[in-house]
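See structure below.
The values are calculated or read from the model by the stated rules, or taken from the named source; none is laboratory data. Just so you know, these numbers come straight off a predicted model, no measurement behind them. All Cβ positions, even for glycine, are placed from backbone atoms using ideal geometry, and neighbour counts span all protein chains on display.
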There are 2 protein chains.
Amino acid sequence: MPVNLSAPQANSLLPVKGVQLGFAEANIRKQNRKDLLVIKLSEGTRVAGVFTKNQFCAAPVTLSKDHLASGNEIRALVVNTGNANAGTGEPGMQHAKQTCVALADLLGAKSASQILPFSTGVILESLPVDRVIAGLPACIENLKEDNWLNAAEAIMTTDIVAKGYSKRISLEGKTITITGISKGSGMIHPNMATMLGYIATDAAISQLALEQLIDYAVNRSFNCITVDGDTSTNDSLILMATGQSGIAEIQADTADYLALRDAMTEVATLLAQAIVRDGEGATKFMTVQVEAGRDLEECRKVAYAISHSPLIKTAFFASDPNLGRILAAIGYAGVDSLDVNAMQLYLGDVLVAENGGRAQAYQEEQGAAVMKEPEILVRVVLNRGEASATVWTCDFSYDYVKINADYRS
Amino acid sequence: MPVNLSAPQANSLLPVKGVQLGFAEANIRKQNRKDLLVIKLSEGTRVAGVFTKNQFCAAPVTLSKDHLASGNEIRALVVNTGNANAGTGEPGMQHAKQTCVALADLLGAKSASQILPFSTGVILESLPVDRVIAGLPACIENLKEDNWLNAAEAIMTTDIVAKGYSKRISLEGKTITITGISKGSGMIHPNMATMLGYIATDAAISQLALEQLIDYAVNRSFNCITVDGDTSTNDSLILMATGQSGIAEIQADTADYLALRDAMTEVATLLAQAIVRDGEGATKFMTVQVEAGRDLEECRKVAYAISHSPLIKTAFFASDPNLGRILAAIGYAGVDSLDVNAMQLYLGDVLVAENGGRAQAYQEEQGAAVMKEPEILVRVVLNRGEASATVWTCDFSYDYVKINADYRS
């Protein structure tokens with residue numbers, strides 16, 4: 001069961017002026033489930049994206065990157081579940097293009113490059129593009145601004161709960177709304193390996209500032225989560241700013257920019273953490289915080305070494321304060337000339353290791369008490385600089401093996 | 001159960017002239033088990049070692065490196081199980097030194113720096129050095145050349161079977177014997193995280209050539225195995241050459257050197273593979289072979305990405321030829337400008353993927369047949385160079401989680 005996570009309440013996902021969402025049951029892989037989503041954007045909407053670095057990336061990822069790079073105004077996004085259109089070679093690229101052409105026609109857009117396509121589901125199987133295209137008119141028929149919860153449900157694959165958050169801030173006396181949805185169930189799935197995130201706002205922001213904002217936000221949210229270290233072929237995060245709130249266009253590095261940036265980063269962070277909380281088999285949500293390192297890179301190395309270690313993840317599942325495993329991971333993280341005697345390790349507020357070994361005052365019961373909680377903070381203080389990094393992850397349970405060994409889509 | 005691995009037959013581990021082994025039940029952690037080993041070396045023996053790069057390395061690792069670097073002739077090794085003497089700070093270093101001093105005294109060696117100490121077992125607990133030292137006389141009493149199987153048993157921790165191999169070659173009309181033992185049970189254990197290997201020969205070889213040989217051998221054996229990617233605090237491999245066979249001292253890059261090098265590498269490889277075969281919960285032994293890469297580094301990156309992926313390891317456990325997971329791992333391995341359309345993926349002899357997707361002639365039953373075998377070859381042909389790399393690993397089963405979640409030493 002997801003760790004401290006439930007689906008958004010009805011009406012908790014606030015409409016964003018200029019963003020309409022429509023869904024359909026297109027029978028792409030299974031019957032009787034929402035599996036196709038169109039997000040239509042009002043004229044003048046700015047869009048920015050960040051995509052998987054996996055070199056086996058899916059056809060729609062390649063095409064979405066090309067369409068964003070074309071500089072043409074993006075008018076709509078289309079997302080199908082049930083099939084990732086990855087490992088599908090040139091035919092897969094044709095299918096993604098056909099989908100864009102069909103949606104551009106239906107919406108009266110000038111060019112197929114004004115559509116961003118996304119797919120998630122099984123890899124290495126041909127996209128049933130006819131069913132995707134056949135489902136588009138139904139999506140367009142039910143387009144409306146108050147459809148975010150349906151949209152969150154339409155992009156789910158093996159997720160247990162739908163994921164969405166809204167936030168409002170005030171800028172120049174006007175209310176700005178931010179709403180986002182995400183999918184991915186943490187333990188990145190067999191052939192269902194995708195994290196997707198879509199976040200929209202009615203603020204007006206320059207393209208330059210939006211691109212700066214997405215880098216900032218993704219580095220503090222989607223790039224800080226890990227379940228099993230596997231990077232998918234289809235991971236994508238998209239920011240959309242419609243400008244329909246009526247405020248003046250926000251430029252980079254202004255006070256308004258910082259306010260919007262922080263609010264959007266907060267929504268992105270909650271969406272990213274929701275993916276970890278919904279990790280299959282997950283029973284614990286861990287925050288691994290590495291402080292006082294020389295630079296961000298070494299802090300991230302230590303945080304990821306801890307977060308990826310199957311030995312540590314199984315110990316968390318067992319609520320076992322197994323310090324040796326954590327110290328060993330710090331030791332092999334690859335930090336240059338690390339003085340292991342200078343660092344401290346905390347579980348929650350409890351100092352558990354210092355001077356290269358167990359802290360003198362530490363009692364095993366203290367560590368065990370922290371480990372029993374569903375949310376656990378692991379803090380490593382390197383004491384050699386000013387940098388810090390945080391990674392969120394979950395534990396590693398029987399169910400992880402069960403799901404990934406038994407399940408074959 | 002270990003995959004195609006059983007303990008050495010009695011008399012299959014051949015004595016090496018100049019190497020005497022003695023063991024004891026020293027009650028270091030548990031009663032009634034061999035937990036202390038002394039390996040005594042004849043005068044003139046050359047010794048070389050390779051040690052863990054984990055910065056949280058154990059006190060005996062630091063001390064063994066110092067003693068080897070001193071240039072003093074090594075007269076004996078001492079190995080205890082039950083306690084790793086790691087994460088024990090300055091007192092741990094004192095304990096390791098006391099052990100060396102005691103054994104040097106008993107053997108009449110001039111200096112404690114002629115002893116190499118090794119420990120394996122729980123981390124973060126104080127070494128019961130009194131019991132170690134008290135056990136040394138018993139080890140010395142039963143020192144003999146024909147004690148290799150006892151020695152292999154004395155260094156076991158959670159290993160299911162003892163690990164040892166011998167090989168004979170002929171050089172200059174004389175018989176050269178190589179015998180080695182190793183420990184480690186693949187799934188690198190909670191607080192029992194150590195791989196140890198000791199290989200001896202009666203060949204005579206220069207120090208320079210021996211150090212060249214150990215680098216060659218370790219890069220093709222112990223550095224090519226992985227179970228869960230965790231690197232221990234105590235990993236060590238030691239080569240010993242007594243010169244008692246009566247052959248002339250072998251110099252680097254001669255024909256005799258190459259013959260000895262290849263034979264010792266073969267023994268090291270079998271010992272390293274035995275650790276993977278004894279991986280707890282392991283049901284499959286996988287050889288991941290990456291060919292036709294630009295350089296060794298990128299081949300190893302791909303091989304390790306495949307070998308470390310929990311998604312792939314659980315699929316092997318399930319005998320599921322889940323190609324998407326393997327292709328995704330190749331895609332995120334970090335190979336510079338990889339052309340995914342140019343590479344091929346084979347399971348055993350079966351071509352399963354090419355041109356960026358499933359191979360046209362491939363039938364799922366073919367892949368499933370390969371995956372059912374206990375020994376599986378995964379071959380990736382990158383088609384962009386001449387380099388290659390091999391990694392051996394095992395699958396990831398319910399028992400891995402069970403052992404690592406339930407067990408706390």
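Observations, loosely collected:
- Among the residues of the range B:36-57, those that are of a type in the set (A, V, I, L, M, F, W, C) and within 14 Å of chain A (Cβ to nearest Cβ) comprise B:PHE51, B:PHE56, B:CYS57.
- Scanning the range A:88-113 for residues that are part of a helix (DSSP H, G or I) and touching a strand residue (DSSP E or B) at 6+ places or on another chain (Cβ under 7 Å), we see that the one that is farthest from the other protein chains (Cβ to nearest Cβ) is A:LEU107.
- Qualifying residue in the range B:223-241 (condition: more than 18 Å from the chain's Cα centre (by Cα) and either closer than 30 Å to A:ILE326 by Cβ or in contact (Cβ under 8 Å) with a residue 24 or more places away in the chain (or both)): yes
- The set of residues in the range B:9-38 being of a type in the set (A, V, I, L, M) and at pLDDT below 95 consists of B:ALA10 alone.
- When B:MET187 is tested against (1) at pLDDT below 95; (2) surrounded by fewer than 24 Cβ atoms within 10 Å (Cβ to Cβ), only condition (2) is not met.
- Among the candidates B:LEU136, B:LEU149, residue that is part of a helix (DSSP H, G or I) and farther than 18 Å from B:VAL267 by Cα: B:LEU136
- Flag if A:MET343 is touching a residue at least 24 places away in the same chain (Cβ under 8 Å), of a type in the set (A, V, I, L, M), under 23 Å from A:ARG277 (Cβ atoms) and more than 7 Å from every other protein chain (Cβ to nearest Cβ): no
- Listed conditions (1) touching a helix residue (DSSP H, G or I) at 6+ places or on another chain (Cβ under 6 Å); (2) modelled with pLDDT under 95; (3) not polar (S, T, N, Q) are all met by B:VAL122, apart from (1).
- In the range B:356-374, the count of residues that are free of Cβ contacts under 8 Å to residues at least 60 places away in the same chain, surrounded by fewer than 16 Cβ atoms within 10 Å (Cβ to Cβ), assigned to a loop (DSSP other than H, G, I, E, B) and facing another protein chain (nearest Cβ under 9 Å) is zero.
- Lone unmet requirement of (1) at negative phi; (2) away from every other protein chain (no Cβ under 14 Å); (3) in contact with a strand residue (DSSP E or B) (Cβ under 9 Å, 6 or more places away or on another chain) for A:GLN9: (3)
- Within the span defined as the range A:355-369, every residue fails to be over 23 Å from A:SER221 (Cβ atoms), touching a Lys or Arg at 6+ places or on another chain (Cβ under 8 Å), modelled with pLDDT under 95 and not small (Gly, Ala, Ser).
- Residue within the range B:384-393 that is part of a loop (DSSP other than H, G, I, E, B) and at the interface with chain A (Cβ under 10 Å from one of its Cβ atoms) present: no
- Residues of the range A:113-134 satisfying the condition of being farther than 27 Å from B:ARG325 by Cα and either crowded, with 24+ Cβ neighbours inside 10 Å or among the β-branched types (Val, Ile, Thr) (or both): A:ILE115, A:ILE133
- Flag for A:VAL352 being surrounded by 21 or more Cβ atoms within 10 Å (Cβ to Cβ), more than 10 Å from chain B (Cβ to nearest Cβ) and part of a strand (DSSP E or B): no
- The listed residue being in contact (Cβ under 8 Å) with a residue 60 or more places away in the chain and part of a loop (DSSP other than H, G, I, E, B), out of A:VAL3, A:VAL79, A:VAL47: A:VAL3
- Residue check, A:ASN72 at positive phi and of a type outside the set (Gly, Ala, Ser): no
- Here A:GLN55 meets each of (1) in contact with a Phe, Trp or Tyr (Cβ under 8 Å, 6 or more places away or on another chain); (2) surrounded by 24 or more Cβ atoms within 10 Å (Cβ to Cβ); (3) of a type outside the set (Lys, Arg) with one exception, condition (2).
- When the range A:58-76 is limited to residues that are surrounded by fewer than 24 Cβ atoms within 10 Å (Cβ to Cβ) and among the small types (Gly, Ala, Ser), the one that is nearest to the other protein chains (Cβ to nearest Cβ) turns out to be A:ALA69.
- A:ALA292 in the same structural domain as A:ILE181 (by TED's automatic domain parsing) and either in contact (Cβ under 8 Å) with a residue 40 or more places away in the chain or aliphatic (A, V, I, L, M) (or both): no
- Among the residues listed as B:ALA134, B:ALA152, the single one being in contact with a Pro (Cβ under 9 Å, 6 or more places away or on another chain) and modelled with pLDDT of 95 or more: B:ALA152
- Inside the range A:91-112, residues that are over 22 Å from A:PHE23 (Cβ atoms) and crowded, with 21+ Cβ neighbours inside 10 Å make up a count of 1.
- The test for being touching a residue at least 60 places away in the same chain (Cβ under 8 Å), on the phi > 0 side of the Ramachandran plot and buried (at least 23 other Cβ atoms within 10 Å of the Cβ) does not hold for B:GLY18.
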